[in-house]
Structure formats: C-alpha cells, structure tokens
Amino acid sequence: MPRFGCTLLLALCPIIATADEVIVMQGFGNKELFTTSDKGKVSEDGQTFTLDTLDRTNPHPWSIHGRTTQDVIQPATAYLATFKLTIEQGPDKEGFVHILCRPISDGTGNSDTLRYNVKENKPDKTYSIPFNSGTDFNDYAFQIHAYKNVKATFTDFKITRRPDPVFFPFSEKQDEFKGDLNIPTGAKDFEVILPQKQTPVVKATDFGFSADAEDNVEALNKAIQHCKDTNAAKLELAPGTYRCTAEKPINIHDMVDFTFDGKGAKLVFYRKRYHSIDIRNCQRTLVTNLVIDWDWEIDPLASLVKVVKTDEKSFDFEFVHYKRFPKRDVRCAIISAFDPETRSVGIEGGVTRGFEFHAGRNPKTDYTWISDNVMRINEKPGRLKVGDLYRLQHYYYDRNCFNMSNNVHLTLKDIDILSTSGHALLITGTQHHWQFDNVNIVAPKDDPKRVITCTADHCHVAQSRGFFKMANCEFSLGADDILNVHDNAGFARKSGEYSITTQNARIAGSFKPGTVLELRQGDYSPSGFSGKVKELKTIDAKGGIYEIIFETPVPEQKFDGFVIFNWTFDSRNIIVKDCFFHDNRARGLLILARDVTIENTRFRHHEMGAIKIETGYTFNVWSEGYGADNIVVRNCTFESVNPTNSSNDGKARDIFMGVYMKSDPSAERTEYPILANILFENNTFQETYGLVAFISSAGNVTFRNNTFINNKPRNKNLPYRGSFYVTHASNVNVVNNTYVKSPYINNPGVQIQPDTVKNVIVQGNKIVDEK
C-alpha cells in the first residue's frame, strides 16, 4: 500500500510530514513584520515584547498592542505560533492576554480565525498555538490584545508555517467499501405518558378570562389554582385574542394528570421581567391548542432597516415598514445582514454588529431620531454601505416564552409561537420524559414587519435528565440557535488534598453537599475520580469561585486543571424527527448530549451552519456539556446552511465536531475522543458553502451513503468546497458517498492533519454526472 494516494489510512501506515520548518517571523525586532501601540514595547535586541495596561483607565476593556504587518500572514495558510509568556494582573484579577488572527481591515471580530486567552502566569511554559488564516480577506494578522489591566512579556517568539494537510481525493471509480464498521445506534424510543383523566373540566371564562380584559394573567392563574384545589382534569380557554400584560407569568405548577387546552386562543404578551408561561414540577401534563404572540403595535421585537446615509462619524437607518416608528426610546441590540430573497438574516460577506447587546451590561446606543422613521447612530459606519438591509433587534435574550423545569411526562402539542422575547422554549432542572408535537415557531406570513420570532434560541435545554422527543415541528426566524441541548459543566484547580477551587462556575447549586461529581482532566481524559461533596465554601459568588471539599482525596491534575461533570443531570436519549428548521441567526442544532437520533428533518439557510457537536469550558463565560456520544443523523436534507462562511480554524463548514478549551471559540483541541460514535447516513447536502464537515476531538465518526449536490456558485468559491477536514481524531470513515459533478466543486475529498489523526478510511466515494 503506498503512503500517499491510498484510500485506506491505517495506524500501521501513518503519513509523516516531511516538510522542513518554514519560519515566517522570529522575535519582534523587524519593524517591517511587527508593529506596536504606545503601550507595547519591543526590547533593544528585538527578542522581547511587553504590553502594559496596569495604569489603563479607559472604560472600554479591550485594547490592541501588537500585530504582524500586512502580508506576513497569508490567506488560507496553516501556521504555528510558539512563545513563552509572563503575566501580571491588575488588582481586580480580571485582566488577560487575548491572542487573535484577525484581518486588519475588519475590527469587528466577525472574521477572526483564532482566539486564544492567557490569564495564568506560567513563565516556564512554552505555548504552542496552531492556527489557520481564512479566505475572505487579504490582510490577516497575528494580533496581541489586552483585556482590562494586565502586564505581559513575550519571549522566544516564533511563527512558522505548518505542513499542509494530506489530501485524499474522491474519484469516478472508487471501489465500494464493503468492510465492517462500528455503527452507533442513536436514541431508543420511549413513551411520554399523557394525562390519565379527562374530567372534570373547568372553563377559564368563569374566572374573568376575557378578550375585553387589559390583562388575563391573573384570571388564568386563578383558574389554574382552582383546578389544582379541586383536582380538575382540564382547563379550557376559548377562541379569541387575549392580552397578557401583568408582570408575572402564567404559572402551571405542581399539576398531575392535567390538560391546559387553549381551544385555539391567542395570548398576546407584553412584559419585561418574567417568563410568559412557567411550567414547573408537573407530572403527566398536556399544554395544547394555543397561539402565542408579542404586542408589536407597542414594542416591536425587531425591525427591517435600510442604510440611507453614511459619513465618517455616523450612519442613518430608515425603518422600512414604518411611517413613524412606535417606540422612540428603543434599544438597538444587534444588526444582522438581511437577505430580501429569503426574508431572513444570513448573507455571504454580510455584516453582523452589536450595539447594546445585553441590556444593562453594554452601553446604550448613541442615536438621534432624524425623522419619524429615520434614526442616526453616532458611530463610525465601518463596513456598512448605503442601500444595505439589516434586521435590527430591539431585544436580545431577555425573558422567555415557555419556561419548563423539573417536569416529568410533559407534552406540548399543537402550539404556534408567532413571536416572543427571549428563548421560545427553555428547559432546566431535572426534567425528563417530555415531548413537543406540532409545536411551531413561525412568523405570520401576511405581515412583512415580522422579521423575527424569538430573540434568543428557539429551544434551549440548559440541563435536564433527558428523554426528550420532538416531531412535526417548524422552527424559524429566531435570533439564535434552533435547538441547543447541554448540561452545565465547570472548571476548577486542585487547592488541597481533598479540595478543588472553581473558576467562573456560575452553577453553585450543582455542587451542594452530597452531590457526586466526576473530575475530568483539562483535556477531557478521565482522571479516574468521582467523589461526594462534603462541603461547599463560597469565595466569590459573583465570579463563580467556590471551594469544593470532597470526602475522598483529589488526584493530581494534568494540564491546567479539572473539568467538572455533575451526572445528576444527563441530557440524553433525544429524538428529533420530521421537522423543518430554517432561516435563523446562528446555528441549527447544538448537540452536547449522548444517545441522539435526528431523522427525516430539513435544515435550510441557517446563518452559521447546520449542526455543531461539541463540548467545552471557558475561564470567563460558559462551560457546557459532558461530551457527546452515540449520535445518528439520517435521511435529512441540508440546504445552504452556512451562507455567512462561519468557520473554525479558518475553514467554513456545514457540520462541526470539536471542543473549545479555556475560551470559545479556541484553537486548542484534544486528542482524547470526548465526541464519539457519530453517524451521518443517507442525507442530502445541497449548496455546501465550505467543508461538509470539520471533524476534531472525535472518535469513530462515519459519513456513509450521503449525496452532495452543488449547482449554485458562491461569491467566493472556496477551494475546499464540498470536502472534509480531519484533525485530532481517530477511526474516521468517509465511505460510499455520492457527489454530483459540479463546475463549482474543484476537487472533493478528505483533508487529514497527519500528525494528529489515526485510522481513517476514505473509500467508495464516487462522482457521477447526475443523481
């Protein structure tokens, strides 16, 4: 078997990179290669670079202090940066060094191909950071930024070219693969039990529920309480439109064998501080026949705006669907480029830009009303051009529609959510055995003003005990992911023989005494330790810092510390079938779970890719997931699912498998297969924008019997379009797939980073004239 060009790559037949090291930059002394700010200083010998923001008083926390000059970093190229680093933090201990690969001409962060944070002072450590530049710009630069107050000194600095991946092309005459594979099974079917009684029935109208009332929350809560007190089986609403304005949710709590039947009622909410409907601690409960909406006449959730003027210091937005915009004190949260053909966000080369992203945490936008429907924003326009269309969100996240916690055997059926602030569907606690059947998140088709449905995820599972199924659902036009399923992890370092101290663990309730926690090493490999919490000490609740004391000794940590898994929560056994997901901001599905089946589902025009299978931890924001295992995706279609060229390591992709470590996203990978046993079969991929799949930190991944069709050009046709990329992975199989010939696909195949990959089968993949 030849070393190159083979269709079967085995551990016994490794491919070894033989290219000599190509040094791009060494040290900092050459001013033609590296430039600094006034807070960044290069030593006389050029070997040391120091940035110092300890005396910085600027309220803006980020600052840039050094970068390579134009043309040092070439587009679509793999690099390795190595250096040593000493760090001194300011008094608040919040400062850190932020390392990027970013275009010089795009300071928004939307085009970054590397983000790497260093907070700990480890002067003897040699950092080794692989990264790739992208393809969208010609001026990528390796950049060194600071967050808040920090002093940092770089030594032994070098950037080198990494060897190109080994490429295995597909062909018209590859022999079919007939070998045995270890195929995952996905989720097992299960039953969600419906309410076991149908009478007595209570009428909501008997408690003041009325289409003429200014608010109906109080009436519904009284009716629900009466059902609970009298052990009634069902509460029936009545057809009509009903306002819900009280600053409290509709509470369906502690119900057993209960049906909440809307009878087609439309509930129109307007509130600021609470979820719309809170379902908690219920058993065998059905919520059905409802329409949910938001009051757009008072307070639109988002608007379609058009850039009508720009100058050096400002730009003007025209509110396209309004002669006079109804709310003058309006929040400008974020804009996303709008596609008039699909009537949704997500355009190749389009701009996304945040303003008052999180209310109360980000400064309010400086704007002036120029006329009844034209707003001037007093900021530099950047990449915004006259004539551009954007969806301007006035809400981002905020309070949610359905909040569900700790329920068992809960069903939502025949529900239409036309719009809501926040997540449409949020699940927390130890909820298990629940289902959505014909639950739709779809804007009214006859109102062009309605450019958004929910202002966060369509469905967000923050933690659960699993056994969730959804069928016959349509989700669209939301401001974030279609479905995000995970449990919350944490990060900690050993602080005593029996103790660890967490960093940014905002889930103290998961660490209460008596809880059994598993500790994984910082690369997700097993430490062999699961222990019961003896005591929890709060050090800094706001910063998520706690000391956890176990009953048994803690092992020695490797890498930077431990990742904490709490198996009290286990979002597993998830079934998604016969659904249609489309036209949302962000991603389709985020799967940080095990035992998952996704089948007969259509994915169309997701802004940043169709599916992410991942897990990760950070030092400053979230830490989510306990890995992913036993996942099957079959008989699905994927259509134009990454129009914005969303990428990892500079490579756009429809499907992503990987981890984030220390920051999100991150350049770090693990060779431990924390993502394992994944199958994509009998799917159709249409109009892939970049890679079909980026596969990393994974083991036993199979793509078989899929079909790839690409009949449309891109504005910038990527050279790797339609291919696969594999790094830090093992036992990856790309077999018996069919590519329809296309003038827009140059040479499909599998790219393999040889020094981090073992056991890959690439065989039986054929190119045909038509399908």
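For region 275-330, which fully contained strands (runs of 3 or more DSSP E) count at least 1 residues that are of a type in the set (A, V, I, L, M, F, W, C) and within 30 Å of ASN231 (Cα to Cα)? Before you say what the answer is, go through the steps one by one.
Values: elements: 277-280, 283-294, 302-310, 315-319.
Here the list reads 277-280, 283-294.
Counting only residues that are β-branched (Val, Ile, Thr) and either part of a loop (DSSP other than H, G, I, E, B) or modelled with pLDDT under 95 (or both), how many does region 538-567 have? Outline the logic, then answer.
Going residue by residue through region 538-567, those that are β-branched (Val, Ile, Thr) are 538-539, 545, 548-549, 552, 554, 563-564.
Then keep just the ones that are either part of a loop (DSSP other than H, G, I, E, B) or modelled with pLDDT under 95 (or both); that gives 538-539, 545, 552, 554.
Qualifying residue count for the region: 5.
How many of the residues making up region 580-593 are crowded, with 24+ Cβ neighbours inside 10 Å and over 11 Å from the mean Cα position of the chain (by Cα)?
3
Would you say TYR672 is over 27 Å from VAL345 (Cα atoms), of a type in the set (Phe, Trp, Tyr) and open to solvent by less than 10 Å² (accessible area, probe 1.4 Å)? Talk me through it step by step, then tell me what you get.
Numbers: over 27 Å from VAL345 (Cα atoms): yes; of a type in the set (Phe, Trp, Tyr): yes; open to solvent by less than 10 Å² (accessible area, probe 1.4 Å): no.
No.
Could you give every pair whose Cβ atoms fall below 9 Å, whose first residue belongs to region 269-283 and is among the hydroxyl-bearing types (Ser, Thr, Tyr), and whose second residue is surrounded by fewer than 18 Cβ atoms within 10 Å (Cβ to Cβ), counting only separations of at least 6 or pairs across chains?
Pairs found: TYR270/THR245; TYR270/ASP295; TYR270/ILE298; TYR270/ASP299; TYR274/GLU247; TYR274/LYS248.
Pairs under 7 Å by beta carbon, first residue over 21 Å from VAL439 (Cα atoms) in region 247-262, partner modelled with pLDDT under 95 and open to solvent by less than 20 Å² (accessible area, probe 1.4 Å), six or more apart or different chains?
Listed pairs, sorted by first residue: GLU247/ARG271.
Does ARG506 satisfy the criteria of being among the charged types (D, E, K, R), surrounded by 15 or more Cβ atoms within 10 Å (Cβ to Cβ) and modelled with pLDDT under 95? Lay out the reasoning, then the answer.
Details: among the charged types (D, E, K, R): yes; surrounded by 15 or more Cβ atoms within 10 Å (Cβ to Cβ): yes; modelled with pLDDT under 95: yes.
Spelling it out, ARG506 is indeed among the charged types (D, E, K, R), surrounded by 15 or more Cβ atoms within 10 Å (Cβ to Cβ) and modelled with pLDDT under 95.
Between a first residue in region 710-731 that is in a loop (DSSP other than H, G, I, E, B) and a second residue that is modelled with pLDDT under 90 and among the hydrophobic types (A, V, I, L, M, F, W, C), which pairs have beta carbons less than 9 Å apart while being 6 or more apart in sequence or on different chains?
Listed by first residue and then by second, the contacts come to LEU718/ALA76; PRO719/ALA76; TYR720/ALA76.
Among (1) among the β-branched types (Val, Ile, Thr); (2) open to solvent by 20 Å² or more (accessible area, probe 1.4 Å); (3) modelled with pLDDT of 95 or more, where does VAL760 come up short?
Of (1) among the β-branched types (Val, Ile, Thr); (2) open to solvent by 20 Å² or more (accessible area, probe 1.4 Å); (3) modelled with pLDDT of 95 or more, only one is false for VAL760: (2).
Examine region 645-654 for a residue that is at pLDDT 95 or above, surrounded by fewer than 24 Cβ atoms within 10 Å (Cβ to Cβ), on the phi > 0 side of the Ramachandran plot and not aliphatic (A, V, I, L, M), and state whether such a residue exists.
Taking every residue of region 645-654 in turn, none turns out to be at pLDDT 95 or above, surrounded by fewer than 24 Cβ atoms within 10 Å (Cβ to Cβ), on the phi > 0 side of the Ramachandran plot and not aliphatic (A, V, I, L, M).
For region 662-689, how many residues meet the condition of being assigned to a strand (DSSP E or B) and at pLDDT below 95? Can you show your working first?
Here is the first cut: in region 662-689, the residues assigned to a strand (DSSP E or B) are 662, 675-681, 684-686.
Those left that are additionally at pLDDT below 95: 662.
Of the residues in region 662-689, 1 are assigned to a strand (DSSP E or B) and at pLDDT below 95.
If I ask for residues that are assigned to a loop (DSSP other than H, G, I, E, B) and in contact (Cβ under 8 Å) with a residue 12 or more places away in the chain, which ones from region 76-106 would you list? Don't jump to the end; show me each part of the working.
Let us first name the residues in region 76-106 that are assigned to a loop (DSSP other than H, G, I, E, B), namely 76-77, 90-95, 104-106.
Residues satisfying the conditions are ALA76, THR77, GLY90, PRO91, ASP92, GLU94, GLY95, ILE104, SER105, ASP106.
Could you grab me the full set of residues in region 208-219 that are crowded, with 21+ Cβ neighbours inside 10 Å and in contact with a Cys (Cβ under 8 Å, 6 or more places away or on another chain)? Talk me through it step by step, then tell me what you get.
First pass over region 208-219, keeping only residues crowded, with 21+ Cβ neighbours inside 10 Å: 209, 216-217, 219.
Of everything in region 208-219, those that are crowded, with 21+ Cβ neighbours inside 10 Å and in contact with a Cys (Cβ under 8 Å, 6 or more places away or on another chain) turn out to be ASN216, VAL217.
Which one is nearest to GLN751 (Cα to Cα), of the residues in region 688-725 that are open to solvent by less than 10 Å² (accessible area, probe 1.4 Å) and of a type in the set (Ser, Thr, Tyr)?
Of everything passing the filter in region 688-725, TYR725 is nearest to GLN751 (Cα to Cα).
Within the set of pairs 6+ apart or on separate chains, which have a first residue in region 110-129 that is open to solvent by 60 Å² or more (accessible area, probe 1.4 Å), a second that is not hydroxyl-bearing (Ser, Thr, Tyr), and C-beta atoms under 6 Å apart?
From region 110-129, the pairs are ARG115/LEU100; ARG115/PRO665; ASN121/ILE87; THR126/LYS84.
The values are calculated or read from the model by the stated rules, or taken from the named source; none is laboratory data. Keep in mind that what you see is a predicted model, and the values were worked out from it rather than measured. Every residue, glycine as well, gets a Cβ built from its backbone with ideal geometry; the counts of neighbours run over all protein chains shown. Keep in mind that these areas ignore ligands, DNA and RNA; they rest on the heavy atoms of the full protein, side chains included. Shrake-Rupley method; radii C 1.70, N 1.55, O 1.52, S 1.80 Å.
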